[in-house]
Amino acid sequence: MRKLLTVEDVFLIEGRGVIVLPALPFGTGRGLVDNSAELRRRDGSVIPVQLRIDPERFNRPLVADGSNWRRLCSLTGIEPSDVHVGSDIWCADEVVQDALDGEHG
């Protein structure tokens with residue numbers, strides 16, 4: 001397993017689940033659905049979750065390159081109050097590789 005991201009913010013979208021930020025670079029990854037992952041909280045507790053990564057288009061560019069496409073991570077099997085800022089999301093190496101594909105390109 002490998003760390004995908006550190007949670008900076010969290011909110012709920014009905015029908016989609018718990019959304020965690022930061023959004024991932026759009027890259028060239030294929031998009032990922034229903035992957036097993038772990039939410040590793042700063043208190044040392046680990047909560048198993050299902051991770052989904054979907055492309056989203058935002059109204060304003062989020063980065064200096066002017067791109068307004070990013071991928072959002074949603075978690076199912078958990079409540080927003082269980083996800084603390086500073087927690088890490090860990091998942092299989094191949095999921096992280098696909099999610100970050102194109103980040104530096």
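The values are calculated or read from the model by the stated rules, or taken from the named source; none is laboratory data. Keep in mind the model is a prediction, meaning the values are calculated, not measured. Ideal geometry is used to build each Cβ from the backbone, glycine not excepted, and the neighbour counts take in all protein chains shown. These area figures cover heavy atoms from the full protein model, side chains too; ligands, DNA and RNA do not enter into them. Shrake-Rupley method; radii C 1.70, N 1.55, O 1.52, S 1.80 Å.
Of the residues Pro61, Pro48, which single one is at pLDDT 70 or above, loosely packed, with under 15 Cβ neighbours inside 10 Å and of a type outside the set (Ser, Thr, Tyr)?
Working: Pro61 fails: at pLDDT 70 or above.
After ruling out the rest, the residue left standing is Pro48.
When the stretch 1-44 is examined, which residues are found to be part of a loop (DSSP other than H, G, I, E, B) and at pLDDT 90 or above? Walk me through it before giving the result.
Applying the first criterion (part of a loop (DSSP other than H, G, I, E, B)) to the stretch 1-44 yields 1, 7-8, 14-16, 26-31, 41-44.
Result: Met1, Val7, Glu8, Arg41, Arg42, Asp43, Gly44.
Considering only the stretch 32-42, how many residues are in contact with a Ser or Thr (Cβ under 9 Å, 6 or more places away or on another chain) and either surrounded by fewer than 20 Cβ atoms within 10 Å (Cβ to Cβ) or within 14 Å of Asp98 (Cα to Cα) (or both)? The qualifying residues number 4.
Restricting the stretch 75-100 to residues that are open to solvent by less than 30 Å² (accessible area, probe 1.4 Å) and not in a loop (DSSP other than H, G, I, E, B), the residue that is modelled with the lowest pLDDT is Ala99.
Residue by residue through the stretch 13-24, note down the ones that are on the phi < 0 side of the Ramachandran plot, surrounded by 12 or more Cβ atoms within 10 Å (Cβ to Cβ) and touching a strand residue (DSSP E or B) at 6+ places or on another chain (Cβ under 6 Å). Don't jump to the end; show me each part of the working.
Of all residues in the stretch 13-24, those on the phi < 0 side of the Ramachandran plot come to 13-14, 16, 18-24.
Those left that are additionally surrounded by 12 or more Cβ atoms within 10 Å (Cβ to Cβ): 16, 18-24.
Matches in the stretch 13-24: Arg16, Val18, Ile19, Val20, Leu21, Ala23, Leu24.
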